[in-house]
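Before any comments, here is the structure.
The values are calculated or read from the model by the stated rules, or taken from the named source; none is laboratory data. The model shown is predicted, which means the values in this text are computed figures rather than measured ones. Note: ideal-geometry Cβ built from the backbone for every residue, glycine included; neighbour counts use all protein chains shown. Surface areas here come from the heavy atoms of the whole protein model, side chains and all, with no ligands, DNA or RNA. Shrake-Rupley method; radii C 1.70, N 1.55, O 1.52, S 1.80 Å.
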Amino acid sequence: MSEAIRLEDVSKSFGEYEAVKDVSLTIEKGEFFSLLGPSGCGKTTTLRMLAGFEIPTEGRILLEGEPVEDVPPYERNVNMVFQSYALFEHLDVADNVAFGLKRKKVAKDEIRKRVEESLELVSLADRAKSHTNELSGGEKQRVALARALVNEPAVLLLDEPLGALDLKLRRQMQVELKQIQREVGITFVYVTHDQEEALAMSDRIAVMSDGEVVQCGVPEEVYEHPAEAFVAGFIGVSNLMEGIVQGKDKVKLASGQSVKAPLPEGCDKGEKVQLSVRPEKITLDDFERGMVTLEGTVAERVYQGVNTQVTISLGDGASVVALEQQTYRASADDRWEPGAKVKLGWHPDHCLVLR
Amino acid sequence: MDGLSLQWYQEFFNDSALRDSLFASLEIATVTMIVGTILGTMLAIGLVRSRAKWSPGANILMLVPLVVPEIVAGISALLIFSQVGLTLSIWTVVLAHITFSISYVTVVVRARLASMGTETEEAAMDLGATRWGSVRLVLLPGLWPAIVAAGLLTFALSFDDFVLSFFTTGEDVQPLPVRIWSAIRFGPSPTINAIGTLMMVVSISAIGLALLIPRLFGRRESGVKVLTAAEGG
Amino acid sequence: MRADYWTRFLIPPGVWLLALFAFPLMLVLALSLGYVDDLGRAVYGTDWSNYAEAFNPTYLPVLIRSVGYAAATVALCLLIGYPIAYYIARFGGRYRYALIAALVVPFFVNYLVRTYAWVALLSDEGLVNNFLVNLGLTDRGIQMINTPWAVIGGLTYGYLIFMILPVYASLERMSPSVIEAGKDLYGRPFRTFLHVTLPQTKQGILAGSVLVFLPAVGDFVSAQLLGGPDTYMVGNLIQDQFFAANNWPFGAALTVVMMLFLSIWMIGYLRSASRDARGAAI
Ligand SMILES: Nc1ncnc2c1ncn2[C@@H]1O[C@H](COP(=O)(O)OP(=O)(O)OP(=O)(O)O)[C@@H](O)[C@H]1O
Ligand SMILES: [Mg+2]
């Protein structure tokens with residue numbers, strides 16, 4: 001694989017306000033790459049710099065090796081799918097899709113063929129002559145997608161393309177988008193603030209916070225090994241427990257217990273750290289060798305269908321959440337009643353020490 | 001009764017001076033509509049989009065003609081024309097009418113522009129349209145209902161205008177309202193009612209079209225909306 | 001996007017307005033300090049005597065009268081226009097637009113022709129007096145034309161629509177639930193109107209008042225056709241200076257004085273309008 005996009009120390013300021021700070025990324029050809037982060041963290045601004053609507057205040061942007069910071073949007077071989085769709089209301093579906101090809105003066109027959117193909121790709125072949133305001137939200141989204149893809153760009157930029165759709169349609173479109181991406185093999189840069197969506201669809205994810213990229217990696221890595229407390233908290237649910245380093249691979253929790261935990265390089269004795277453990281990695285009353293075990297009191301139990309969510313108080317105000325699968329062991333409903341003493345445990349490997 | 005009033009229409013069309021006035025008024029209104037609509041639309045786009053420091057100043061300059069009494073406008077136009085030595089004719093009337101139509105067009109077009117956002121133009125540029133291309137292919141088609149409505153409004157205002165025309169017209173061919181004025185002052189004449197009715201038909205057709213045309217474009221909103229959007233802010 | 005691209009759209013209309021609107025207004029200001037030379041030509045100068053004359057006892061009353069007539073016109077327009085707008089907005093239902101259209105259509109009859117119709121109605125041998133005499137109510141008819149009320153009536157008829165439309169727009173924007181809430185609070189309809197509806201339509205009333213007042217002060221058609229020398233307004237005076245007396249500098253000075261009388265209204269309206277524009281742009 002070779003690289004499609006490289007950002008080198010890119011920053012963007014609006015007056016005093018620095019929306020994007022020192023971002024460096026490399027995106028490979030054919031990758032499904034997601035920018036994930038909370039509202040206002042600079043995802044759209046980054047995407048708009050890739051499209052050419054904003055010029056970076058500092059840094060370089062290379063598209064297939066060529067610097068493009070100063071190339072206007074209409075001369076860049078990238079296309080964008082806007083969150084609001086931005087369809088041309090005065091044109092019908094086919095003319096919307098043909099817009100880019102017409103600007104490139106592609107021959108008429110060729111245009112007709114390619115428009116047909118890309119409408120086929122998004123399963124809208126029968127709506128070619130429809131007026132855009134007769135379409136549903138999902139259909140508009142597909143037109144926007146076809147309108148961009150028909151140009152066969154080097155990179156497709158998508159800014160929360162599913163943001164306006166209801167949950168069910170969203171799930172369905174996620175699957176479709178992923179399929180389409182595999183089929184056309186174009187590099188996708190996908191902006192979202194929905195971590196599940198990013199995890200499900202991406203080859204790699206860059207997590208942004210406050211204009212900076214705080215972690216970049218494959219979904220498993222970002223989920224299992226969050227680099228920072230922010231990432232652990234933003235992606236999935238995580239139990240964060242305060243503690244103090246006691247010695248080699250030993251942490252004393254604020255609630256009093258000492259536990260075994262793999263310390264990162266260079267942690268000194270007495271340093272304050274946070275332990276992060278995912279709820280689904282915590283088991284109750286059922287242990288294997290080598291697990292860390294603690295005692296606690298059940299504070300709350302919520303039946304969620306597939307899982308049961310148990311909140312356990314560790315004393316001194318600290319508590320953790322555990323998700324227990326509804327296996328044969330968990331089915332008895334007299335277990336983990338609030339107030340009951342309970343033993344909980346996890347594998348030291350599943351516990352992350354964050355500084 | 002019918003026969004009687006028809007007679008005045010006949011008289012009207014047999015009077016070559018009156019006929020010339022009618023055509024002069026139509027000509028003035030048409031040129032005003034075209035030039036005023038172009039300039040007013042440009043001003044609306046510039047005011048909404050430009051970040052130039054003096055853009056707020058241009059905004060005030062645009063609004064003042066809307067509040068200045070017409071007689072003041074007429075006098076200032078008369079002064080500038082005599083200052084630069086322009087002979088008064090229907091062309092000086094046209095210049096004065098255009099000056100005042102710009103603001104009306106701007107107010108109507110700007111209301112729609114402000115509600116449009118920039119994303120569709122960005123989409124056009126993203127798809128390979130140059131900046132001017134995005135204006136021509138996306139922005140103007142989006143503004144079209146407002147532009148047409150504003151143009152027809154301008155036509156009606158110009159066709160109906162008396163005060164500005166009175167101050168800026170020459171002696172030879174006078175616009176219809178100026179001719180009505182002299183007729184009234186020379187004494188009662190039934191022809192006036194015929195002229196009045198005729199003018200009303202022209203104006204109402206223009207306004208009726210202004211209200212209808214946005215619908216013909218297949219937009220859901222009516223022309224009333226397009227025109228009152230400016231009023232409502 | 002780069003700002004300078006859009007600035008080019010401002011330049012042609014901006015230059016046009018500067019050259020044919022702003023600069024000519026300055027000319028009016030300059031000429032008001034001029035005088036008429038021995039050959040009867042207007043000459044620029046630095047002579048304040050035109051202003052002194054404008055405020056002398058011959059002309060000052062005309063200025064005050066104009067403002068008075070215009071104020072009376074605003075009051076009448078409000079008294080007639082508000083109830084009309086109110087009933088259309090509240091009770092017009094789906095016929096609202098049709099009713100508004102029916103109101104607007106007569107206003108497309110040229111203002112001159114409409115005013116002329118009043119002459120035919122109100123003159124000493126006009127329809128109304130004919131009718132009254134035929135009924136035997138008076139023997140010589142009542143003088144209606146050449147009175148202040150005829151002039152004010154003409155102005156009211158001329159500019160009524162400028163009051164109805166903004167008031168209607170502001171009533172239209174008001175949600176019916178506000179009135180319902182008001183009814184709960186105040187009970188009686190009149191008090192609801194006074195405490196809820198009226199304050200909510202203040203914007204519309206103000207806009208309408210300015211839109212009627214400004215052109216009414218400068219009007220010369222109504223006073224010319226429906227009035228006489230005793231009811232002349234400043235517009236007639238100005239027009240005379242330009243077309244009869246041929247004293248352009250004095251006409252310019254009168255124009256400037258009239259603008260001064262109006263400036264508070266104009267500036268107030270401009271400020272609210274440019275605020276609205278900024279709001280709309282965001
Ligand atoms: N043109 C602009 N002028 C000034 N500030 C801007 C501009 N565009 C964006 N910003 C600011 O930059 C910050 C980042 O904005 P951006 O749109 O990139 O966020 P985002 O991550 O896309 O958020 P969201 O998920 O809400 O879309 C925000 O605080 C925003 O207010
Ligand atoms: Mg965004």
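For A:Lys272, the lysines whose Cα falls under 29 Å of its own Cα, not counting residues fewer than eight places away in the same chain, are A:Lys21, A:Lys248, A:Lys250, A:Lys252, A:Lys260, A:Lys281, A:Lys341, A:Lys343. Between the alpha-carbon centers of region A:1-58 and region C:98-120, tell me the distance in whole angstrom. Computed from Cα coordinates, the inter-centre distance equals 62 Å. Ligands, DNA and RNA aside, B:Ile184 has an accessible area near 20 Å² when probed at 1.4 Å.
For chain A, the membrane-span-like helix rule (DSSP H, alpha carbon extent of at least 15 Å along the helix axis, mean Kyte-Doolittle at least -0.5) picks out A:93-103, A:137-149; this says nothing about an actual membrane. Across chain C, the volume of the C-alpha convex hull divided among the residues equals 212 Å³ per residue. The long axis of helix B:191-216 is offset from the longest Cα principal axis of chain B by roughly 20 degrees. Loop only by DSSP, 14 or fewer other Cβ within 10 Å of the Cβ. Give me the chymotrypsin sites (Phe, Trp or Tyr not before Pro) in region C:25-57 that pass, ordered by residue number. Answer in residue order: C:Tyr44, C:Trp48, C:Phe55. Long hydrophobic helices in chain C: the complete DSSP H runs spanning 24 Å or more by Cα along their own axis with mean Kyte-Doolittle hydropathy of at least 1.0 are C:60-91, C:148-173, C:202-218. Only lysines eight or more places from A:Lys102 in sequence, or on another chain, were considered; those with a Cα closer than 28 Å are A:Lys29, A:Lys113, A:Lys129, A:Lys140, A:Lys178. Label separation (A:Asp95 vs A:Asp9): 4.9 nm, computed from points 7 Å beyond Cα along the C-beta direction. Only protein heavy atoms count here; on that basis, with a 1.4 Å probe, B:Leu198 has an accessible area of about 40 Å².
Buried accessible surface for the B/C chain pair comes to about 6100 Å², total over both chains, computed with a 1.4 Å probe.
Per residue, the average separation of C-alpha pairs within less than 8 Å and at least 6 apart gives chain C a relative contact order of 26 percent.
Backbone amide hydrogens, once placed in the peptide plane, bring A:Val273 within less than 5 Å of A:Gly243, A:Ile244, A:Val245, excluding anything fewer than 5 places away on its chain. If R0 is 60 Å, the Cβ-Cβ spacing of C:Ala52 and A:Asp210 corresponds to a FRET efficiency of close to 0.30. To the nearest ten degrees, helix B:55-67 and the longest principal axis of the Cα atoms of chain B are 20 degrees apart. The residues of chain B expose, per residue, 39 Å² of accessible area to a 1.4 Å probe.
A Stokes-Einstein calculation at 25 °C with viscosity 0.890 mPa s, built on the Kirkwood radius of the protein assembly as shown over Cα pairs, returns a diffusion coefficient of 74 µm²/s. The share of C-alpha pairs in region A:3-229 whose separation exceeds 24 Å stands at 43 percent. Counting every C-alpha pair in region B:30-129, the share spaced more than 18 angstrom apart comes to 57%.
Any chance you could give the angle, 0 to 90 degrees and rounded to 10, that helix B:140-160 forms with the longest Cα principal axis of chain B? Here the helix axis deviates by roughly 20 degrees. Of interest is the spacing of the C-alpha centroids, which for region B:163-199 and region A:185-233 amounts to 76 Å. The contact residues of region C:213-249, meaning those that lose at least 40 Å² of 1.4 Å-probe accessible area when all protein chains sit together rather than their chain alone, are C:Phe220, C:Gln224, C:Leu225, C:Phe242, C:Phe243, C:Trp248. Just tell me which aspartates and glutamates come within less than 13 Å, Cα to Cα, of A:Lys108; anything on the same chain fewer than 8 places away is out. Excluding near neighbours in sequence, the set is A:Asp95, A:Glu116.
Can you give the % of DSSP beta bridges in chain A that are antiparallel, to the nearest 5? Taking every DSSP beta bridge with both residues in chain A, the antiparallel ones total about 75 percent. Averaging the sequence gap over all C-alpha pairs within less than 8 Å and six or more residues apart, then dividing by the number of residues, gives chain B a relative contact order of 31 percent.
More than 21 Å apart: what percent of Cα pairs in region A:191-346 qualify?
Values: 6400 of 12090 pairs.
For region A:191-346, the fraction of Cα-Cα distances above 21 Å is 53 percent.
Could you work out the relative contact order of chain A, using alpha carbon pairs under 8 angstrom and six or more residues apart, expressed as a whole percent? Numbers along the way, then the final one.
On the way: 727 pairs, mean separation 54.5, N = 355.
The normalised contact order for chain A reaches 15 percent.
Reducing region B:8-56 and region C:204-261 to their Cα centroids gives an inter-centroid distance of 25 Å. Helix content alone sets the calculated 222 nm mean residue ellipticity of chain B: runs of n ≥ 4 DSSP H residues at -39500 (n - 2.57) each, divided across all residues, give -26500 deg cm²/dmol. When nucleic acids and ligands are ignored and a 1.4 Å probe is applied, C:Val15 ends up with an accessible area of around 80 Å².
Work through the residues other than A:Lys43 whose Cβ is under 14 Å from its Cβ and net out their charges, Lys, Arg +1 and Asp, Glu -1. Could you put the intermediate results ahead of the total?
Details: positive: A:Lys12, A:Lys21, A:Arg48; negative: A:Glu54, A:Asp159, A:Glu160, A:Asp194, A:Glu197, A:Asp210, A:Glu212.
After counting each charged neighbour, the total is -4.
Excluding B:Ser16 itself, calculate the net charge of residues whose Cβ lies under 14 Å from the Cβ of B:Ser16, where each Lys or Arg counts +1 and each Asp or Glu counts -1. If you can, show how the numbers build up before the last one.
Details: positive: B:Arg19, B:Arg179; negative: B:Glu11, B:Asp15, B:Asp20, B:Asp172.
Here the charged neighbours net out to -2.
A simple spin-label model places the labels of A:Gln304 and C:Leu260 7.8 nm from each other, with each point 7 Å out along Cα-to-Cβ. With Cα atoms as the point set, chain B shows a radius of gyration and Dmax of 20.2, 67 Å.
Electrostatic bookkeeping for A:Glu265 treats Lys and Arg as +1 and Asp and Glu as -1; over the other residues with beta carbon under 13 Å from its beta carbon, the sum is -1.
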